[in-house]
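First up is the structure itself, then whatever we jot down about it.
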């Protein structure tokens, strides 16, 4: 999952081997090597119809009316991400696949939903205990035994 700044707004897409593939608001596919990739976020792809309010956006700092949702669907058995636009009064996910526009209307695509808050933070005491055990193991003070 990637995003790039295009004509003053962030649009979502994907990147492969140093090239980002995106679709503009006016449904034109384009490529760029100037993009950002999402990291350190746990998300799941869920059905659009039940979860559209929870869907991730390309820029959560933008005014709510200008937020662009991220959509996704499989092409040739692989998942790709793109922009969710309204096309002919229908929500559609548009993906630049090999410089050709691929589109699926709702509910035929999924949206990523941020699940990071659902993951429990590790207990600091447990983390400290584990660090001590690893240190002892590396120093040869502990050995593994088969049961």
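If a residue must be free of Cβ contacts under 8 Å to residues at least 40 places away in the same chain and either outside any strand (DSSP E or B) or surrounded by 11 or more Cβ atoms within 10 Å (Cβ to Cβ) (or both), how many such residues does segment 58-84 contain?
Step one: filter segment 58-84 for residues free of Cβ contacts under 8 Å to residues at least 40 places away in the same chain, giving 60-61, 63-65, 67, 73-79, 84.
Applying the additional criterion that residues be either outside any strand (DSSP E or B) or surrounded by 11 or more Cβ atoms within 10 Å (Cβ to Cβ) (or both) yields 60-61, 63-65, 67, 73-77, 79, 84.
Residues meeting the conditions: 13.
Does residue 87 satisfy being closer than 19 Å to residue 11 by Cα, surrounded by 10 or more Cβ atoms within 10 Å (Cβ to Cβ) and either modelled with pLDDT under 85 or out of contact with any strand residue (DSSP E or B) (no Cβ under 7 Å at 6 or more places or on another chain) (or both)? Lay out the reasoning, then the answer.
Values: closer than 19 Å to residue 11 by Cα: yes; surrounded by 10 or more Cβ atoms within 10 Å (Cβ to Cβ): yes; either modelled with pLDDT under 85 or out of contact with any strand residue (DSSP E or B) (no Cβ under 7 Å at 6 or more places or on another chain) (or both): yes.
Against the criterion (closer than 19 Å to residue 11 by Cα, surrounded by 10 or more Cβ atoms within 10 Å (Cβ to Cβ) and either modelled with pLDDT under 85 or out of contact with any strand residue (DSSP E or B) (no Cβ under 7 Å at 6 or more places or on another chain) (or both)), residue 87 qualifies.
Across segment 7-26, what is the number of residues that are under 12 Å from residue 68 (Cα atoms), without any contact (Cβ under 8 Å) to a residue 60 or more places away in the chain and surrounded by fewer than 20 Cβ atoms within 10 Å (Cβ to Cβ)? Break it down stepwise before answering.
Restricting attention to segment 7-26, the residues satisfying the condition of being under 12 Å from residue 68 (Cα atoms) are 9-13, 23-25.
Among the residues that remain, those that are also without any contact (Cβ under 8 Å) to a residue 60 or more places away in the chain are: 9-10, 24.
Next, from what is left, pick out any that are surrounded by fewer than 20 Cβ atoms within 10 Å (Cβ to Cβ): 9, 24.
Qualifying residue count, segment 7-26: 2.
In this structure, is residue 30 at pLDDT 95 or above, surrounded by fewer than 18 Cβ atoms within 10 Å (Cβ to Cβ) and not in a helix (DSSP H, G or I)? Can you show your working first?
Values: at pLDDT 95 or above: yes; surrounded by fewer than 18 Cβ atoms within 10 Å (Cβ to Cβ): yes; not in a helix (DSSP H, G or I): yes.
Yes: the conditions hold for residue 30.
Would you check if residue 41 is in contact with a helix residue (DSSP H, G or I) (Cβ under 7 Å, 6 or more places away or on another chain) and surrounded by 11 or more Cβ atoms within 10 Å (Cβ to Cβ)?
On the way: in contact with a helix residue (DSSP H, G or I) (Cβ under 7 Å, 6 or more places away or on another chain): yes; surrounded by 11 or more Cβ atoms within 10 Å (Cβ to Cβ): yes.
Spelling it out, residue 41 is indeed in contact with a helix residue (DSSP H, G or I) (Cβ under 7 Å, 6 or more places away or on another chain) and surrounded by 11 or more Cβ atoms within 10 Å (Cβ to Cβ).
Please work out if residue 23 is closer than 18 Å to residue 112 by Cα and under 18 Å from the mean Cα position of the chain (by Cα). First the steps, then the outcome.
Details: closer than 18 Å to residue 112 by Cα: yes; under 18 Å from the mean Cα position of the chain (by Cα): yes.
Considered against the rule, which asks whether it is closer than 18 Å to residue 112 by Cα and under 18 Å from the mean Cα position of the chain (by Cα), residue 23 comes out as yes.
Please enumerate the residues belonging to segment 48-67 that are under 21 Å from residue 107 (Cα atoms) and touching a strand residue (DSSP E or B) at 6+ places or on another chain (Cβ under 6 Å). First the steps, then the outcome.
As a first pass, look at segment 48-67 and keep what is under 21 Å from residue 107 (Cα atoms): 48-58, 67.
Selection gives 48, 51, 54, 55, 56, 57, 58, 67.
The values are calculated or read from the model by the stated rules, or taken from the named source; none is laboratory data. Just so it is clear, the structure is predicted and the values come from calculations on it, not from any experiment. Note that we place each Cβ from the backbone using ideal geometry, even for glycine, and neighbour counts take in every protein chain shown.
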